[in-house]
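Note sheet for the following structure.
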Amino acid sequence: MTELELLGFGDAPIAASAFGNSNDPPLLLLPGSGQSRRVWDDAGRALAAAGRYAVSLDLRAPPGPDAQPYDLDTHVRDLSAILARFSSRPVLVGASLGGWIAMAALGEGEPDLASALVLVDSPPQIDIAAARDHGAITEDIGGDSMTMEQIAERLLAAAARIRQPALIVRGAQSRLSTPESMAQLAAVMRDPELAEIEGAGHLAAAEQSEVFNALLLEFLERRVPREPPEYLQGSDSGTLRDALGCFATGVTVVTTVDERGEPVGLTANSFTSVSLDPELLLVCLAKSASSLPAFQAADRFAVNVLHIGQQPVSNRFASRGADKFADTDVEQWEGEVPILKGSLASFECDKFAMHDGGDHEILIGRVRRVRYEPQRDPLLYFRGKYRRLHFA
Ligand SMILES: Cc1cc2nc3c(=O)[nH]c(=O)nc-3n(C[C@H](O)[C@H](O)[C@H](O)COP(=O)(O)O)c2cc1C
């Protein structure tokens with residue numbers, strides 16, 4: 001076991017323990033209210049022995065004994081910040097309040113940041129009086145300005161947006177959950193499995209740790225199998241293209257005018273910055289592109305970097321023979337080449353050089369003028385698909 005310090009929301013330090021090899025498929029384990037990450041020590045060791053990498057967290061603690069506990073939102077922001085820094089998508093395991101945090105972080109944020117969800121006695125609707133009696137849930141939940149009904153409504157709405165496989169575990173003797181409350185949760189989720197642990201109450205994972213660990217490992221083997229990294233290799237052009245597709249790029253439309261003064265353009269992701277002094281950039285144009293002769297003849301061209309809303313523009317300029325400019329708003333600057341209005345960034349260039357590049361021509365431009373919009377997200381391209389950025 002190794003002790004770690006993770007960074008939560010606003011870079012707040014979050015104490016964590018790691019079990020196993022960090023190259024193995026990861027899990028993040030969240031405790032319930034009033035518990036520490038130590039409740040997962042047993043599970044952490046069992047997971048490491050089964051070839052998994054388990055990281056258990058403490059929840060952010062109030063600054064002093066009399067301080068108001070943090071509300072659900074603060075914990076959700078912490079988890080989202082931690083998830084955003086994970087190198088591969090972990091399975092989220094949450095007990096009680098930890099399960100609520102996991103549900104909200106996935107369902108309200110980026111659902112794709114985890115590969116599966118395991119909820120341990122974490123029903124959206126709890127009997128708060130029974131919870132206090134039980135001592136497992138303290139006044140912490142009162143740190144939230146929401147009523148129990150509002151929390152339940154919020155969590156069910158979040159759970160309904162979760163697409164990953166989910167294991168919903170109940171302690172058969174729990175006084176905080178009922179079979180009905182678990183069935184209600186399962187009913188809104190996309191891919192749930194229900195399990196009950198006999199002889200265990202609300203703290204089922206700790207009270208019957210062997211049974212719980214076996215249940216968890218069996219679920220993982222079935223639903224999130226350990227796949228050793230698989231490296232594909234070869235020297236054929238298909239493998240080369242796929243390997244190059246691992247380099248994520250933005251998407252541009254390169255434009256110019258042909259000898260008749262007609263606008264010409266094509267989608268290109270081979271755009272690269274070259275030099276700041278002089279100000280040079282390049283783009284590689286296929287020798288088979290029907291617009292190549294126009295770029296060969298032209299003295300000027302423009303590169304337009306597309307934003308996330310311009311996927312249709314990318315498709316239009318990637319189809320040969322389409323009337324690409326019919327539905328495209330363009331303007332001209334001094335260089336009199338078409339600039340796509342509203343692009344994330346546009347670079348107007350003088351042709352600096354054109355070099356042979358095998359089945360492509362390498363077109364180098366000297367930038368005359370740039371314009372960019374600092375707020376919008378870029379359209380991305382990775383492994384043959386459009387992608388978008390996601391932030392915590
Ligand atoms: C995301 C994406 C990136 C592309 N990048 C390039 C590129 O860098 N260079 C290129 O010549 N073609 C690239 N293409 C393909 C051209 O856009 C496509 O062949 C287009 O039909 C060429 O138009 P044209 O034949 O009318 O000139 C890309 C297409 C897509 C969808």
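The values are calculated or read from the model by the stated rules, or taken from the named source; none is laboratory data. Quick caveat: nothing in here was measured; it's all calculated off a predicted structure. Here the Cβ is made from the backbone with ideal geometry for all residues, glycine too, and neighbour counts use every protein chain on show.
What the table below lists for this structure:
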read-out: Output for the stretch 320-342, where each listed residue is at positive phi and of a type in the set (Gly, Ala, Ser); value: Gly321, Gly342
read-out: Subset of the stretch 317-368 that is away from the ligand (no atom under 13 Å from the Cβ) and in contact with a Cys (Cβ under 9 Å, 6 or more places away or on another chain) - its residue that is nearest to Glu262 (Cα to Cα); value: Val337
read-out: Test result for Phe352, closer than 16 Å to Leu282 by Cβ, aromatic (Phe, Trp, Tyr) and surrounded by 15 or more Cβ atoms within 10 Å (Cβ to Cβ); value: yes
read-out: Enumerated strands (runs of 3 or more DSSP E) restricted to the stretch 1-59, each holding at least 2 residues that are in the same structural domain as Val76 (by TED's automatic domain parsing), touching a strand residue (DSSP E or B) at 6+ places or on another chain (Cβ under 7 Å) and surrounded by 24 or more Cβ atoms within 10 Å (Cβ to Cβ); value: 26-30, 53-57
read-out: Those residues of the stretch 256-276 which are under 21 Å from Val313 (Cβ atoms), in a strand (DSSP E or B) and hydrophobic (A, V, I, L, M, F, W, C), in sequence order; value: Val257, Val264, Leu266, Ala268
read-out: Extreme residue, farthest from Leu27 (Cα to Cα), among residues of the stretch 62-93 that are surrounded by 24 or more Cβ atoms within 10 Å (Cβ to Cβ) and either among the aliphatic types (A, V, I, L, M) or in contact with a Pro (Cβ under 8 Å, 6 or more places away or on another chain) (or both); value: Leu79
read-out: Ala48 without any contact (Cβ under 8 Å) to a residue 12 or more places away in the chain and hydrophobic (A, V, I, L, M, F, W, C); value: no
read-out: Tally, over the stretch 173-216, of residues that are under 29 Å from the mean Cα position of the chain (by Cα) and under 19 Å from Gly98 (Cβ atoms); value: 13
read-out: Filter pass, Leu266 being surrounded by 14 or more Cβ atoms within 10 Å (Cβ to Cβ), farther than 26 Å from Gln375 by Cβ and assigned by TED's automatic domain parsing to the domain that holds Tyr381; value: yes
read-out: Residue within the stretch 283-294 that is more than 8 Å from the ligand (Cβ to nearest atom) and assigned to a loop (DSSP other than H, G, I, E, B) present; value: yes
read-out: Qualifying residue in the stretch 78-90 (condition: farther than 23 Å from Ala104 by Cβ and either modelled with pLDDT of 95 or more or not in a loop (DSSP other than H, G, I, E, B) (or both)); value: no
read-out: Residue in the stretch 73-80 that is in contact (Cβ under 8 Å) with a residue 60 or more places away in the chain, in contact with a Gly (Cβ under 8 Å, 6 or more places away or on another chain) and among the β-branched types (Val, Ile, Thr) present; value: no
read-out: So Leu276, is it over 25 Å from the mean Cα position of the chain (by Cα) and more than 14 Å from the ligand (Cβ to nearest atom); value: yes
